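K.L.:
First the structure, then my questions, so here it is.
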Amino acid sequence: MTPTLDKTPAPSVPPEQIKAVPVRHYGRWVAGAAVIAVLVLIGLAFSNANINYGVIPDYLTDGTILSGVWHTLYISVLAMLLGLVLGITLAVMRMSSNPVTSTVAWLYIWLFRGTPVLVQLLIWYNIALVFPILNLGFYKDEMNQVMTPFLAALLGLGLNEAAYMSEIVRAGIQSVDEGQTEASNALGMTRGQTLRRVVLPQAMRVIVPPTGNEFINMLKTSSLAYAVQFNEVIKRSTDISSTSLAVVEMYFVASIWYLILTSFFSVGQYYLERRYARGSTRNLPPTPFQRLKKNLRLFGSFRRPEVAR
């Protein structure tokens, strides 16, 4: 007799509930506590220092300080424009097939990137020791009268910046595919037209971010113009501290203004980069105002956003 198989399904046994044990990150707690302790110690040191913090808000809007801030912004913009124009010229010269122009551009970049900005400022300020008289044929005058603190600061900062901008522009131009140049040449465009209408517009996506960083750095580097007696914000702050004896307080005032200027232009740099990123990304990242508006809308609804299933 053939035995029959019992086909009754076995009762299903529910699996045991998984008990998730979170991983303990003791190192994070130790590191966080150490950082907080260091910040507290620094705060206590500054709070107990012999510093009159009450005069800092008064000097922030002082006319002398505001004049220094204006001169800082003025010399930074002009020096950056000079560096940008000359940097584009040097980049084109260095990429030229002419060995003379490419060598001259390379030597310029090597010289100005290899020497400190402060030394270059002092050389321009004392250039009358080398050329006592400036004779251009149509204009002649003593170099001491021509080389003012403003002109020394402009040349020292602008010519140094040109060496860095030339490398940034060259990297941007080389990032454009060579087929773009070949196609423009096939359409009968000259080298200059190809550079202006085809290459540079596409290279701006690579050029803009480091250029913005260079300008923000220029705002801070302009403080070195103090060495040539240019009336930027550090020079103005030092002039006030020499009479009021508020030395550290005036350095804090200058630092606050540098933070304000760099923060303002950092926002402008973000929007400029966002504009030139339109051709490389499908969805542009939200602006700070768009993120703030979204967060406020979510906060006003008093509920968490629904999770898509």
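The values are calculated or read from the model by the stated rules, or taken from the named source; none is laboratory data. Since we're looking at a predicted model, the values are computed, not measured. Note: ideal-geometry Cβ built from the backbone for every residue, glycine included; neighbour counts use all protein chains shown. Calculation scope for accessible area: heavy atoms of the full protein, side chains included, ligands and nucleic acids excluded. Shrake-Rupley method; radii C 1.70, N 1.55, O 1.52, S 1.80 Å.
K.L.:
Looking at Leu73, Leu111, Leu84, which is the one that is out of contact with any Gly (no Cβ under 8 Å at 6 or more places or on another chain), assigned to a helix (DSSP H, G or I) and open to solvent by 70 Å² or more (accessible area, probe 1.4 Å)? Explain how you work it out, then say what you get.
P.N.:
Values: Leu73 fails: open to solvent by 70 Å² or more (accessible area, probe 1.4 Å); Leu84 fails: open to solvent by 70 Å² or more (accessible area, probe 1.4 Å).
Among Leu73, Leu111, Leu84, only Leu111 is out of contact with any Gly (no Cβ under 8 Å at 6 or more places or on another chain), assigned to a helix (DSSP H, G or I) and open to solvent by 70 Å² or more (accessible area, probe 1.4 Å).
K.L.:
Looking at region 243-272, which of the residues that are more than 18 Å from Ser223 (Cβ to Cβ) and open to solvent by 60 Å² or more (accessible area, probe 1.4 Å) is modelled with the lowest pLDDT?
P.N.:
For region 243-272, the residue satisfying everything is Leu272.
K.L.:
I've got another one for you. Restricting attention to region 14-52, report how many residues are open to solvent by 90 Å² or more (accessible area, probe 1.4 Å) and within 30 Å of Gln229 (Cα to Cα).
P.N.:
Counting residues in region 14-52 that are open to solvent by 90 Å² or more (accessible area, probe 1.4 Å) and within 30 Å of Gln229 (Cα to Cα) gives 1.
K.L.:
Does any residue in region 189-201 that is at negative phi come within less than 7 Å, Cβ to Cβ, of a residue that is open to solvent by 70 Å² or more (accessible area, probe 1.4 Å) six or more places away or on a different chain, and which pairs are these?
P.N.:
Listed by first residue and then by second, the contacts come to Thr194/Asn185; Val198/Gln180; Val199/Gln180.
K.L.:
Filter region 208-242 down to the residues that are within 26 Å of Met165 (Cα to Cα) and hydroxyl-bearing (Ser, Thr, Tyr), then identify the one that is most open to solvent (accessible area, probe 1.4 Å).
P.N.:
Among those residues, the one meeting the criterion is Tyr226.
K.L.:
Okay, next question. In this structure, does Gly137 turn out to be outside any helix (DSSP H, G or I) and farther than 23 Å from Val233 by Cα?
P.N.:
It is true that Gly137 is outside any helix (DSSP H, G or I) and farther than 23 Å from Val233 by Cα.
K.L.:
Restricting to region 163-179, and then to whatever is farther than 21 Å from Leu86 by Cβ and part of a helix (DSSP H, G or I), can you tell me which residue is farthest from the chain's Cα centre (by Cα)?
P.N.:
Gly179
K.L.:
Looking at (1) more than 23 Å from Gly212 (Cα to Cα); (2) part of a helix (DSSP H, G or I), which one does Phe131 not meet, given that it meets all the others?
P.N.:
Phe131 satisfies every listed condition except (2).
K.L.:
Among (1) under 30 Å from Gly156 (Cβ atoms); (2) open to solvent by less than 60 Å² (accessible area, probe 1.4 Å), there is one condition Ile56 misses while meeting the rest; what is its number?
P.N.:
(1)
K.L.:
From the residues in region 141-173 that are in contact with a strand residue (DSSP E or B) (Cβ under 8 Å, 6 or more places away or on another chain) and not charged (D, E, K, R), which one is least open to solvent (accessible area, probe 1.4 Å)?
P.N.:
Kept after step one, since they are in contact with a strand residue (DSSP E or B) (Cβ under 8 Å, 6 or more places away or on another chain), are these residues of region 141-173: 141-143, 146.
Now narrow it down to the ones that are not charged (D, E, K, R): 143, 146.
Details: Met143: 15, Val146: 32 Å².
Checked region 141-173; the qualifying residue least open to solvent (accessible area, probe 1.4 Å) is Met143.
K.L.:
For region 34-59, give me the residue count where each residue is aliphatic (A, V, I, L, M) and touching a helix residue (DSSP H, G or I) at 6+ places or on another chain (Cβ under 6 Å).
P.N.:
Initial filter on region 34-59 (aliphatic (A, V, I, L, M)): 34-42, 44-45, 49, 51, 55-56.
Adding the requirement that they be touching a helix residue (DSSP H, G or I) at 6+ places or on another chain (Cβ under 6 Å) leaves 51, 55-56.
Residues meeting the conditions: 3.
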